[in-house]
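Engineer: This is the structure I have questions about; it appears just below.
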Amino acid sequence: MFQEKRIRIIGIPYDSGQTYLTGSRFAPYLIRLASDSIEEYSLVFGKDIRATDASDWGDIEVSFGDFAETKRRVHNVLNNISSEKYVFIGGDHSITFFITSFFRKKISNYVHLDAHADFEDSYLGSKINHNCVLRRVGEILGWERIKLVGLRSVSEKALSDLKKFGVEYYTIYEVSDSDVLCDILSKADYISIDMDVFDPAFAPEVGNPEPFGLDPKKLFFCIRKINPKIVDLVELIPNSPNSITAILAASILREIIIAMDIHHADASSSST
C-alpha cells in the first residue's frame, strides 16, 4: 500500500515526442537505480531524503506513439490521487503537456530550464513533440506565465516568435550569474528541467546535447531558495545506472524533494 504523503513522485516514461535520440522511456527506472549509488543525506539541508514527507508512486503505464491516450491515462491517474506537491520523472519533454494541461489553473509562474527554445509551432509535421513543447505550454498557460531559462540553441524563426509573443527568456550567458538564476527559480511554482540545459561535460546522455551549458553547481547554489509545487525532469537517455547523467539527475531530485519538503514544513509550522 502506498503511503499517503504530501509530495508524490511519479514516472511518465513516454518518449514518442523525441525526434533525434530516443530512449528516455528508460530514464525513470535508471534514475531510481542511480539513486541507490548516492547517499540519501543532503549536506545542503542537513536532512535525509527518507525523512521527507514524500512517496514514490512508480510509473504511469503510457501508450507509446499515442499522445492522446497517454494524456488520458496521466489525467486519470492525477484525478484519482491528490497531493500538495508533485515530482514527475520523464520521458521526453512532451510529458509537460500532460502535466500543464491538468494543472493549468494552479500554475502562475512556469520556468522552463532548457538549452533549446522548444518554440516551433510545428516540427517534422507534428505540433506535439519536444521541439514544440514551450509553444504548447504557452498556449495552455498564457505567455505571461512562462519563462525560458538557459537558452543557447534556437532557430531564427523561433527566436522571432519568442519576441513576438512576449515570452520572457534568458540565455545561458544571462544566467551564468547564480544570483540571476536563483531569483528566477525562487518565484517559480512549476520548474521543468530539461537535462540538456546542463553542459554535456556534466550531462552527456540527453536527447539533443548542446555545448556551453549550465554548470550544475549553479543550480545547487539556488536549491535553498526554490519552493515549487510541481517539478518535472526530462530528456535523459541513460545507458546504465552508472551513467553520470542519471547520477546527476538523482542528485538534483534528492535536493529538490528535500527543498520542497522543508518549505512545506516551514509553512505548516508558521500557520499553526
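Any read-out appearing in this document is the output of simple, stated calculations on the displayed coordinates, not a laboratory observation. Everything quoted here is computed from the prediction, not taken from an experiment. Glycine gets a Cβ as well: all are built from the backbone with ideal geometry, and neighbour counts include every protein chain shown.
Engineer: In percent, what relative contact order does the chain have, based on Cα pairs under 8 Å that are 6 or more apart in sequence?
Structural biologist: Rounded, it is 25 percent for the chain.
Engineer: Enumerate the aspartates and glutamates that residue 225 could reach by cross-link, defined here as Cα to Cα under 18 Å, with residues fewer than 8 away along the same chain left out.
Structural biologist: Here the aspartates and glutamates satisfying the reach criterion relative to residue 225 are 177, 179, 183, 189, 215, 255, 261, 266.
Engineer: Obtain the nm distance between the two label points defined at residue 220 and residue 63 by a simple spin-label model: each point lies 7 Å from its Cα along the Cα-to-C-beta direction.
Structural biologist: 4.3 nm
Engineer: Sticking with this one: Using Cα-Cα distances under 8 Å and only pairs 6 or more residues apart, what relative contact order does segment 133-272 have, in percent?
Structural biologist: 21 percent
Engineer: In the chain, which cysteines lack any other cysteine Cβ under 4.7 Å from their own?
Structural biologist: 132
Engineer: Can I ask one more? Take the alpha-carbon centre of segment 41-109, take the same for segment 182-235, and report the distance between them in whole Å.
Structural biologist: 17 Å
Engineer: Sticking with this structure for a sec: What lysines sit close enough to residue 157 to cross-link, taking a C-alpha to C-alpha distance under 25 Å and skipping anything fewer than 8 places away on the same chain?
Structural biologist: The qualifying lysines are 127, 147.
Engineer: Within 10 Å of each residue's Cβ, count the other Cβ atoms and sort 83, 101 from fewest upward.
Structural biologist: By the 10 Å Cβ count, ascending: 101, 83.
Engineer: Order by neighbour count: 164, 47, 225, 85, fewest other Cβ atoms within 10 Å first, most last.
Structural biologist: Neighbour counts put them in this order, fewest first: 164, 225, 47, 85.
Engineer: Using just the helices of the chain, give the 222 nm mean residue ellipticity in deg cm²/dmol: DSSP H runs with n ≥ 4 each add -39,500 (n - 2.57), and the total is spread over all residues, rounded to 500.
Structural biologist: The per-residue figure over the chain is -10500 deg cm²/dmol.
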